[in-house]
1. Out of 120, 116, 134, report the one residue that is more than 16 Å from the chain's Cα centre (by Cα), of a type outside the set (S, T, N, Q) and closer than 21 Å to residue 51 by Cβ.
2. Might you let me know whether the range 87-98 holds any residue that is under 15 Å from the mean Cα position of the chain (by Cα) and among the polar types (S, T, N, Q)?
3. Within the range 206-213, does at least one residue satisfy the condition of being within 10 Å of the chain's Cα centre (by Cα), crowded, with 24+ Cβ neighbours inside 10 Å and of a type outside the set (S, T, N, Q)?
4. With respect to residue 168, determine if the residue is crowded, with 24+ Cβ neighbours inside 10 Å, over 21 Å from residue 31 (Cβ atoms), over 11 Å from the mean Cα position of the chain (by Cα) and among the hydrophobic types (A, V, I, L, M, F, W, C).
5. Does any residue in the range 195-209 that is in contact (Cβ under 8 Å) with a residue 40 or more places away in the chain and within 14 Å of residue 28 (Cβ to Cβ) come within less than 8 Å, Cβ to Cβ, of a residue that is part of a loop (DSSP other than H, G, I, E, B) and not β-branched (Val, Ile, Thr) six or more places away or on a different chain, and which pairs are these?
6. Given the conditions (1) surrounded by fewer than 24 Cβ atoms within 10 Å (Cβ to Cβ); (2) touching a residue at least 12 places away in the same chain (Cβ under 8 Å); (3) small (Gly, Ala, Ser), report the number of the one that residue 127 does not fulfil.
7. Pull up the range 207-219, narrow it to residues that are part of a loop (DSSP other than H, G, I, E, B) and in contact with a helix residue (DSSP H, G or I) (Cβ under 7 Å, 6 or more places away or on another chain), then point me to the one that is nearest to residue 97 (Cα to Cα).
8. Within the range 1-53, how many residues turn out to be assigned to a strand (DSSP E or B) and touching a Lys or Arg at 6+ places or on another chain (Cβ under 9 Å)?
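The values are calculated or read from the model by the stated rules, or taken from the named source; none is laboratory data. Remember, predicted model here, so these are calculated numbers, not experimental data. Glycine also receives a Cβ, built like all others from the backbone with ideal geometry; neighbour counts cover every protein chain displayed.
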Amino acid sequence: MRRLAVAPPADVPAPPRTLGRLGPALAWLAAAQGAWPPHRPTAPRSLVVADGGSREDGQREADELADGGCDLLVLGSDGDQVPGLVVLAALLDLEPVQAVGTAAGDAWASSTTGVRDGLRTARMHVGDPDALLRAVGSAVLARLTGLLAQSAARRTPVVLDGSALVAAAAMVAERLAPGAPAWWLAGQVPPAPAARKGLAELGLTGLLDLGLSRPEGAGLAASVLEQAVELRH
């Protein structure tokens, strides 16, 4: 497994305490841009990954975004969340019920069963990110992982949605690109316990807490971040 080299963001002054919870988010953006105070991104891009691919496809996509001048990627995902929950449960050593919690609603039984079945194989590959992705068999998760890892390597800041798929991809991507979480901002607090634990393991705290698992949560967080930049100026 070849690991990607990730440079740390710049050091910036601590934000004023009067900015409250917006302060750390603004400091994150400023560090990615290299100076305080941050400026409003000039070429943000929003991407909701619903179609699959490979990790290499995701890495190529991240390169294309960076080469095109993208200076903030707002990343969400749509589709079956069970593969993400399986990966999170395997990496965090959670039982299926702990991973799913009550956020699955009417799909609780099928989600819990899916996680239980997937864990039988996934737990054998927790030390090998690529083998873990193959074992889970989610092309969406593989593409997300490549996107996140390579975006960090290309110094593209990314706002994450609150889905289990994105949280799982972030955990796997961190193993491929150590230091990558410094380039990510958790846009919201995920409703699934496993996703919350996964982001916490990466040192990420959600900017918003709206109970959303849909991709729109990342866009809302990015809007708040951009408005905060304007207020700061």
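1. 134
2. no
3. The answer is no, given that none of the residues of the range 206-213 is within 10 Å of the chain's Cα centre (by Cα), crowded, with 24+ Cβ neighbours inside 10 Å and of a type outside the set (S, T, N, Q).
4. no
5. Taking only residues 6 or more apart or on different chains, the pairs are 206/162; 206/187; 206/190; 207/21; 207/187.
6. Here residue 127 clears every test but (2).
7. Filtering the range 207-219 for residues that are part of a loop (DSSP other than H, G, I, E, B) and in contact with a helix residue (DSSP H, G or I) (Cβ under 7 Å, 6 or more places away or on another chain), the one nearest to residue 97 (Cα to Cα) comes out as 210.
8. Going through the range 1-53 one residue at a time, the tally reaches 1.
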